[in-house]
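In what follows, a single structure is set out as structure tokens and then discussed.
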Amino acid sequence: MPVLFCAVSDPVTAGLVKAWDVPGENCTGTSDVLDFSLHVGMIKAFQPNVKTVGVIYTTSEENSLTQLKNLRAVCDGMNISVEAASVQGAADIPAAAAAVAAKSDCILNFTDNNVVQSLSAVLAAAETAKIPVYGSEEEQVKNGCAASMSIDYVALGKMTGEMAVEIIKGADAAKLSVRKLSEALPVINEKALADLGIEIPAAYANAVRVK
């Protein structure tokens with residue numbers, strides 16, 4: 001029986017498929033992998049003098065390890081350093097967030113499940129350090145992050161459903177490549193930005209706004 005997954009950042013590292021293009025197993029689906037060139041590009045637009053981006057990640061989440069590697073690659077190309085702190089559980093996050101915030105110009109929040117569930121602790125540390133937190137999807141911005149190039153999880157779910165229809169009609173899941181969204185939606189929190197004295201760049205004037 002074919003198996004479809006939805007919103008797995010790195011299905012190869014997670015052991016669900018052998019390769020993105022040809023899964024090789026009776027399993028395929030969609031990924032919510034982040035395009036960090038868009039995220040770091042947004043950070044540079046809002047903070048042109050950014051030198052260090054902070055990150056908190058969970059060591060047991062394979063997706064987060066992959067995302068950290070990808071973020072470092074993008075930041076290296078933009079002469080930005082990454083200050084990363086690893087955590088094992090929710091209890092570690094307040095201290096890790098405080099340590100990262102003290103050494104960074106901003107914090108970028110992954111789709112790390114453990115850290116997202118403790119977003120309030122990350123926001124509190126950032127507020128103390130007077131730096132913004134950038135999210136990875138719209139709900140994080142609604143909850144206090146300054147801005148995000150957001151993943152549309154509704155669209156991702158629809159994409160997964162379309163793949164299910166293809167399989168029902170006879171497509172071989174083992175040969176159906178893993179899919180991901182090609183676009184991200186800019187979302188900004190006007191109050192969070194105003195509190196930090198950060199102006200909205202012209203390039204993001206039409207971004208979705210939450211208060």
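Read-outs throughout are calculated quantities, based only on the coordinates presented, and are distinct from any laboratory measurement. Just so we're clear, the structure is a prediction, and the values are computed from it rather than from any experiment. FYI the Cβ positions are ideal-geometry reconstructions off the backbone, even for glycines, and counts take in every protein chain you see.
Taking only Cα atoms, what is the 0 to 90° angle, nearest 10, from helix 62-77's long axis to the longest principal axis of the chain?
60 degrees
Ignoring solvent entirely, what values of log10 I(q)/I(0) come out of the Debye formula for the stretch 1-105 at 0.14, 0.19, 0.20, 0.23 Å⁻¹ when each Cα is a single scatterer?
Per q value, in the given order, log10 I(q)/I(0) is -0.66, -0.99, -1.04, -1.19.
Based on Cα positions only, what radius of gyration and what Dmax would you give for the stretch 90-208, in angstroms?
When restricted to the Cα atoms of the stretch 90-208, Rg and Dmax are 17.8, 56 Å.
Tell me which GluC sites (Glu not before Pro) from the stretch 101-200 have a DSSP coil assignment and no more than 13 other beta carbons within 10 Å of their own.
GLU183, GLU199
Throw me the Rg/Rh for the stretch 55-117, computed over C-alpha atoms with Kirkwood Rh, two decimals.
0.95
For CYS27, list long-range residues whose amide hydrogen, built 1.01 Å from N in the peptide plane, is under 5 Å from its own amide hydrogen.
Long-range HN contacts for CYS27: VAL3, ALA174.
List the lysines whose alpha-carbon lies under 20 Å from that of LYS18, not counting same-chain residues fewer than 8 positions away?
Within reach: LYS69, LYS175, LYS180.
So what is the 222 nm mean residue ellipticity for the chain from helices alone, if each DSSP H run of at least 4 adds -39500 (n - 2.57) and you divide by all residues, rounding to the nearest 500 deg cm²/dmol?
That calculation yields -11500 deg cm²/dmol at 222 nm.
Compute the FRET efficiency between PHE5 and GLN117 as 1/(1 + (r/R0)^6), taking r as their Cβ-Cβ distance and R0 = 25 Å, and round to the nearest 0.05.
Efficiency at R0 = 25 Å is approximately 0.75.
I need the peptides 103-115, 19-31 ranked by packing, meaning the mean over residues of other C-beta atoms within 10 angstrom, with the highest value on top.
103-115, 19-31
Based on the Kirkwood radius over alpha-carbon pairs, what value in µm²/s does the Stokes-Einstein equation return for the translational diffusion coefficient of the chain at 10 °C and 1.306 mPa s?
The diffusion coefficient I find is 89 µm²/s.
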